[in-house]
Amino acid sequence: MTSSELSALLLLATVSSFTPGPNTTLSTAMAANHGLKHAMRFVLAVPVGWGILFTLCATGLGGLVVAWPPLRWGIVLLGTGYLLWLASRLWQSGRLQQADSHSLHISFFQGVGLQFLNIKAWMLALAIVAGWVAGRDDASARTLMLLPIMVAYGFVSNLTYAMVGSVLRHWLAHGRRLVMFNRCMSMALLATVLWMLIGLRQSAA
């Protein structure tokens, strides 16, 4: 892989990983509501799940998803449905005590599985496979090279957002600050769902 190819990949990885999306929104919200320790299982689950997804796409699953529209839209519908459910849970959480009983208890394995319902994760994996792996003589070597890079980006970006949420936790505990924060996070999930649906529709046109 040339230095220009690697530079382009790192730029794509930085933009895609650190811009708000379902994973970073959930990492922030879980840390703000439950603390950094609680959020860490999701922070660790994201790169594991995305790494598995990327590997499967590089070995042919991505081509199947692109070639079979019912499968692609099935993923879209399940993913958007789950994110909308999470957004509704966040909207209902107004105090730290309520957060303990009403919102965002995602296990490690649920976090891993969520990556397969995350439209943004699919779009990124397919874009990288199409641009840097597919049709190359050294496709396997490229996959092995790209995998740890992207896994690291997934971990660092979600850890960064979770740390921000953790820092805000005590400040949010006063008055209606947590209500407004959780509702902003809920709206952020809704906005990312809408953005990804529009992007997917345009790419299919």
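Annotations
- In the range 91-126, the residue that is modelled with the lowest pLDDT out of those that are of a type in the set (A, V, I, L, M, F, W, C), assigned to a helix (DSSP H, G or I) and touching a His at 6+ places or on another chain (Cβ under 9 Å) is A99.
- If you go through the range 164-180 and keep only what is open to solvent by 60 Å² or more (accessible area, probe 1.4 Å) and β-branched (V, I, T), you end up with V164, V167.
- All conditions in (1) over 20 Å from Q92 (Cβ atoms); (2) surrounded by 17 or more Cβ atoms within 10 Å (Cβ to Cβ) hold for I106, with the sole exception of (1).
- Taking first residues from the range 150-177 that are within 24 Å of S16 (Cβ to Cβ) and in a helix (DSSP H, G or I) and partners that are hydroxyl-bearing (S, T, Y) and open to solvent by 40 Å² or more (accessible area, probe 1.4 Å), the Cβ contacts under 8 Å between residues at least 6 apart in sequence or on separate chains come to Y153/T14.
- Answer residue from the range 181-205, given it is open to solvent by 40 Å² or more (accessible area, probe 1.4 Å) and more than 18 Å from T28 (Cβ to Cβ) and is modelled with the highest pLDDT among those: L194
The values are calculated or read from the model by the stated rules, or taken from the named source; none is laboratory data. Keep in mind that what you see is a predicted model, and the values were worked out from it rather than measured. Cβ sites come from the backbone with ideal geometry, for glycine too, and all protein chains shown count toward neighbours. Just so you know, the surface numbers come from the protein's heavy atoms only, side chains and all, with ligands and any DNA or RNA stripped out. Shrake-Rupley method; radii C 1.70, N 1.55, O 1.52, S 1.80 Å.
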